[in-house]
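Q: I'd like to ask you about the structure that follows.
The values are calculated or read from the model by the stated rules, or taken from the named source; none is laboratory data. Treat the numbers as computed from the prediction; the structure is a model and nothing was measured. Here the Cβ positions follow ideal geometry from the backbone for every residue, glycine too, while neighbour counts run over all protein chains shown. We work out accessible area using only protein heavy atoms, side chains counted, and drop any ligands, DNA or RNA first. Shrake-Rupley method; radii C 1.70, N 1.55, O 1.52, S 1.80 Å.
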Amino acid sequence: MTLTAVRLSDGEIVTVCSDGGFADSSVSIQGTHGVITLTGHEKLPGVTVTILLQADPANSRVTFRTAVYSENKEYTLVECDHPMLWFDVKDSVKFLSPYGCGEALDSDSELFGHGYRSAQDYPSYGASFQYMAAWDEAKNRCLYYGVHDPVPAAKKFHFVREVNAPTMYIKSSQPLTEIHKGCNSQTLYGECVWQLTDGDWYDATLLYRDWMEQNALWLPELQDGERTDLRWLRDIDVWLLVHIGGEEFADEIIRAAKDMGDVKVAVHLYLWHNAPFDNDYPHYFPEKPTVRRELKKIQEAGICVIPYINGRLWDTRDRGTEDWQYTAVAYPKACKDRHGKAFNESYSAKEANGEHTVLSVMCPSTALWQEKVKGIVDKLVNDIGFDGVYIDQIAAAKPQLCCDPTHNHLSGGGTWWNESYYNLIDHVSRVQDPAVLATECTAEMFMKHIQAYLSWLWVKNRQVPAFPVLYSNKVVTFGLCYQSFRGEGARDGLAIFFAQSLLFGEQMGWMSPAFYKEMPEQAFFKKCVLLRKQFREFFFGTMLRPPKLQDDAPVLRYENCPHAYFKTVEYPAVQGALWQAKDGRKLLMLTNSQTMEAHASMEVDLPDGEYALQGDVSGVLTVTEGKAEVTIPATGVVWAIL
């Protein structure tokens, strides 16, 4: 493990590691309990690290609790690791990254240059959940690495392999609290759990799910195994993404919805306000003059609409190029480092003078920001009449380590960021009962008062449905960034993720009516949307272990996806899923995204027997010793209900 400190006088950064430099180290074992103590490092005098261990031999589990004690007034402790888990690198060893829905990556990856160095913030787009894993496919053995932190605190998840090194490690680190002063002793939030089990990423996910369902404080209320506040959202099959350009925009939405068939459509609406995107936030009103009229037309066609707002940012020049309210009103409540400098961000948006827009991250603990967001949502729902609101970035952007002493929280890390957003979202959710809230990306801990996550970045290689296994009955996921797939080869990229959206239980879509009209494989997409509707009850149930598949068709590949590693996605033609509805029925579904027939063999967790096939193949699927074979036509979908 490592520990990082900053000298208060000049900002010098010091990082020490448990593998050297401590003058004194000791290990004490008594039965199934142990204590590791590290102290006397010449670079950090007066600092002691204590790690408490508890073994559970019956479950092949070890639990760690880490604390740091400091009598050093010169340095403030800013970040500390839970223990690192090292493992060998070889072709048969894979590991689970917590990015998005989960990624099963090769420990020895040619694509990544035979090395990794990744640190993903939790909660954010880079870490949806608090566990990782490594497993050996040749041995069917898996090492689970989880941080069981029920509130939870801000943290990072790392996977690191030096180029061509024979080993690599996974770990979690935590930014520490009270980082404006020395002598900031503390205990890391949560327990770090290592557990050896049979299997792979799926078995590791079940271990985390077992803990989460008993302990996590971010879970919504469930009734009969399903959350009770989804309202109209539960019945949505497909989403359109609309940026308002002209005065009339309802007709193209209605035409696209009708073309999709007898399905329930929702719209994610951008640029309904007069200010440009990412500019003059949070001053959205008045809305564009035709919004109310066009919204009424869309809703009369049976289509629900949620508009975009941002949940974090205040423009530092918030009336054109003028500092209108930022300095006087917003700056005192913005997130700041320990020197009083606001945390600012810039994206592609520009001011009228050509300079990039600079936006401050607002502190969610402040009443100013909580009331501001609530007021915006209140007007959108109760005055203009939208069906809900999409509040951007909440589950996508990392926690900021605010140190403003006038704010009502500890400086730096800890649980305050997440607790503050709990309060903010709870406050906002009370403006109107029928409305629903959505946000960007899929960081787990915001779902208590947010019903829908925009899963737009689930367009990477080697994805596995860990998030659906955890949360299919607890939060809605909707929308992939289909518009990432354009030009040469776009057909393959789209076909991959049309199928994967369906199989992962997501509400389909997210594309503009114009893109929908011209996109390749529209017929395959519409088929998947109709099947999403047909089997909706399964997708609010439980995702079981996906079948392991091999097929004889060429792989599908797209080499210009801006959100994928090195812009490349590559998947086999046949993908599959196994779901269980609340009434116990099971659904085995297989898709073929290729333009040609594919013969697939599978290993599947089903009893031996014969199962009637439906969809684009009729006949019988024969399962013998957990194995079966099937031939699926081009862009075909086949299923069996058990």
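Q: Hey, what's the chain come to in accessible area per residue, 1.4 Å probe, Å²?
A: 39 Å²
Q: Using the charge dipole of the chain (Lys, Arg: +1 at Cβ; Asp, Glu: -1 at Cβ; taken about the Cα centre), state which of Gly412, Cys80, Ala275 has its Cα farthest towards the positive end.
A: Toward the positive end, the furthest listed residue is Ala275.
Q: Using only Cα atoms, what is the ratio of the radius of gyration of the stretch 247-392 to 2.2 N^0.38 Å?
A: After normalising by residue count via 2.2 N^0.38 Å, the value is 1.18.
Q: How large is Rg/Rh for the stretch 69-164, to two decimals, with Cα atoms and a Kirkwood Rh?
A: Rg/Rh for the stretch 69-164 comes to 1.03.
Q: Past the 30 Å Cα-Cα mark, which pairs from Lys297/Lys398; Lys398/Lys586; Lys264/Lys586; Lys341/Lys379; Lys297/Lys526; Lys379/Lys474?
A: With Cα atoms farther than 30 Å apart: Lys297/Lys398; Lys398/Lys586; Lys341/Lys379.
Q: Taking every alpha carbon pair in the stretch 314-382, what does the distance histogram look like in 5 angstrom bins from 0, in percent?
A: Bin by bin from 0 Å, the calculated values are 3, 16, 22, 23, 19, 12, 4, 1, 0.
Q: To continue, here is another question. Output needed: percent of Cα pairs per 10 Å distance bin for the stretch 533-642, bins running from 0 to the one holding the longest distance.
A: Spelled out per bin, shortest first, that is 15, 42, 32, 11, 1.
Q: If you don't mind, there's one more thing I want to ask. How many percent of the alpha carbon pairs in the stretch 404-471 exceed a separation of 16 Å?
A: Here the long-distance tail beyond 16 Å is 60 percent of all Cα pairs in the stretch 404-471.
Q: Can you give the three extents of the C-alpha atoms in the stretch 457-606 along their principal axes, from longest to shortest, in whole Å?
A: 44, 34, 28
Q: Ok, one more. Just tell me which aspartates and glutamates come within less than 13 Å, Cα to Cα, of Lys336; anything on the same chain fewer than 8 places away is out.
A: Those aspartates and glutamates meeting the cut-off are Glu345, Asp404.
Q: For the stretch 277-359, what is the convex hull volume of its Cα atoms per residue in Å³?
A: Spread over its residues, the Cα hull of the stretch 277-359 gives 122 Å³ apiece.
Q: What is the pair-distance distribution P(r) of the stretch 236-293, computed from all Cα-Cα distances in 5 Å bins starting at 0, with each bin given as a whole percent?
A: 4, 17, 26, 20, 16, 11, 6, 2
Q: Further, regarding this structure: If you put +1 on each Lys and Arg Cβ and -1 on each Asp and Glu Cβ, how big is the dipole of the chain around its Cα centre, in Debye rounded to 20?
A: Using only the charged Cβ atoms, the result is roughly 800 debye.
Q: Restricted to Cα positions, what overall size does the stretch 85-139 have along the principal axes? Three whole-Å values, descending.
A: 32, 24, 19
Q: Determine the equivalent ellipsoid of the stretch 163-274 by diagonalising the alpha-carbon gyration tensor, then write out the semi-axes as square roots of 5 times the eigenvalues, largest first, rounded to whole Å.
A: On the way: eigenvalues 382, 115, 77 Å².
Listed largest to smallest, the semi-axes of the stretch 163-274 are 44, 24, 20 Å.
Q: Net charge near Ala342, counting Lys/Arg +1 and Asp/Glu -1 over other residues with Cβ under 15 Å of its Cβ?
A: Net local charge, Ala342 excluded: 0.
Q: Sticking with this one: Tally Lys/Arg at +1 and Asp/Glu at -1 over every other residue whose Cβ is under 13 Å from the Cβ of Pro98; what's the total?
A: +1
Q: May I ask you to order 52-63, 627-638, 19-30 by the average number of other C-beta atoms within 10 Å around their residues, highest value first?
A: Output ranking for 52-63, 627-638, 19-30: 627-638, 52-63, 19-30.
Q: What do the square roots of 5 times the Cα gyration tensor eigenvalues come to for the chain, in whole Å, largest first, as semi-axes of the equivalent ellipsoid? Please report the intermediate quantities before stating the final value.
A: On the way: eigenvalues 313, 248, 86 Å².
Semi-axes from the Cα gyration tensor: 40, 35, 21 Å.
Q: Quote the convex hull volume per residue of the stretch 380-514, based on C-alpha atoms, as a whole number of Å³.
A: Hull volume over Cα atoms, normalised by residue count, gives 156 Å³.
Q: If you average 1/r across every pair of different Cα atoms in the stretch 272-318 and take the reciprocal, what Kirkwood value do you get, in Å? Present the calculation step by step, with values, prior to reporting the outcome.
A: Details: mean 1/r = 0.0834 Å⁻¹.
About 12.0 Å, per the Kirkwood formula over Cα pairs.
Q: Can I ask one more? Given the -39500 (n - 2.57) contribution per DSSP H run of 4+ residues, what per-residue ellipticity at 222 nm results for the chain, rounded to the nearest 500 deg cm²/dmol?
A: -5000 deg cm²/dmol
Q: Then there is this: Peptides 68-75, 523-530, 136-143: what's the order by average Cβ count within 10 Å, highest mean first? Write down the numbers at each step before the final one.
A: Numbers: 68-75: 17.4, 523-530: 20.2, 136-143: 15.5.
Going by the mean number of other Cβ atoms within 10 Å, highest first, we get 523-530, 68-75, 136-143.
Q: Return the carbon/sulfur percentage of the accessible area of the stretch 469-596, one whole number, probe 1.4 Å, all protein chains in place. Let's see the in-between values first.
A: Values: 2140 of 4290 Å².
It is 50 percent, rounded to a whole number.
Q: How much of the accessible area of the stretch 274-325, in percent, comes from carbon and sulfur atoms when a 1.4 Å probe is used?
A: The computed percentage sits at 53.
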